[in-house]
Structure formats: C-alpha cells, structure tokens
Amino acid sequence: WPRPSGGFLDLGCGNGSLTHILSAEGHSGYGIDLRARTSWAHYFDLSQAALKVHALNPTQLLSPDSSNDEEKSFWKPGVFLIGNHADELTPWLPVLATLAGASGYLSIPCCAWVLLVKLFASANCRIRIALLDNLPDFAEKLDKKTVVDKIWPILV
C-alpha cells in the first residue's frame, strides 16, 4: 500500500503517540489537537515538529482561498485522515475526507458519537455499537469505504 501523497493528518491526536510512531517510521504528516500535552515534550524533535496545537475549521475546506498558511499545510491534496479516539470528530471523518479530497481515512473510535450530538450515553452497549454499525452506510453515501472492526466487548 503506497504512502499517501499528502501525508497523514491525525485529527484530535491527544498525547501524540500515533503521530510520534508514524513520524519515527518516516511518514510525513501532522497531529493536531486543541491543546498540547505534556507527553509531546518527551518525543524526538521530528515528532515534536509534527504535533501542532490547532483548532480545526472545516469551513476552510469549502473556500480554500480563505485558509491561512498553517491550515493549508495540513490539508494537502491526497492527505490521509486519521481519527484515533477522535471523540466528536469520529462521525465527521467521512465528510472531512470528502471535502479535503483525501486519499482515505481511518477511524478508530473509542466511544459512540453521532453527528451534531454529544456522546450517546446509553447503559446498553448494544445500542452504542449499533451507532458504529451505521458508519459504513454514511461513508458509502459520500462515496467512501470503511472497514469496521468491533473490538468492544459487550458488557452485561
């Protein structure tokens, strides 16, 4: 599988561990989050340079001429989007991938999030997993493909 021409963009990268691993393996790209984490300072210089504090503004994808230079550097043509435990961004990954002309995206959710709604807090794990079951249908409507791997145990 070839490397994406636009590098990777890890949205909501948190502690930056995935960005650090990818950078250390020679992949180009960025991890962005709303705030820096203490762990960022402990990574190699290359990884630290790839970790950015940035508030994502998806509307910039609709009118790229209004983007600032930093924003443009994240959304390179052919970028591969990653949502690893990206919380509210999880259901938006297919939308962002389409708007950005991304080469693909990978969503590794930890919690069930839905568009325009906060965390769906149900005591029934089956309902939370059912929300993830709808992600492939949503992605298909945007002409994207998904692979869903249910790793959550059903807690009774």
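Take the Cα radius of gyration of the range 1-113 and divide it by 2.2 N^0.38 Å, N being the number of residues; the result is 0.99. Averaged over its residues, the range 1-107 has an accessible area of 52 Å² per residue, based on protein heavy atoms and a 1.4 Å probe. Among the chymotrypsin sites (Phe, Trp or Tyr not before Pro) in the range 3-87, those placed in a DSSP loop whose Cβ has at most 13 other Cβ atoms within 10 Å are 44.
The loop-placed trypsin sites (Lys or Arg not before Pro) in the range 1-103, going by DSSP, that have at most 12 neighbouring Cβ atoms within 10 Å of their Cβ come out as 35.
The values are calculated or read from the model by the stated rules, or taken from the named source; none is laboratory data. Keep in mind that what you see is a predicted model, and the values were worked out from it rather than measured. Cβ coordinates were reconstructed from backbone atoms using ideal geometry, including for glycine residues, and neighbour counts include every protein chain displayed. To get the accessible areas, we keep the full protein, side chains included, count just its heavy atoms, and leave off ligands, DNA and RNA. Shrake-Rupley method; radii C 1.70, N 1.55, O 1.52, S 1.80 Å.
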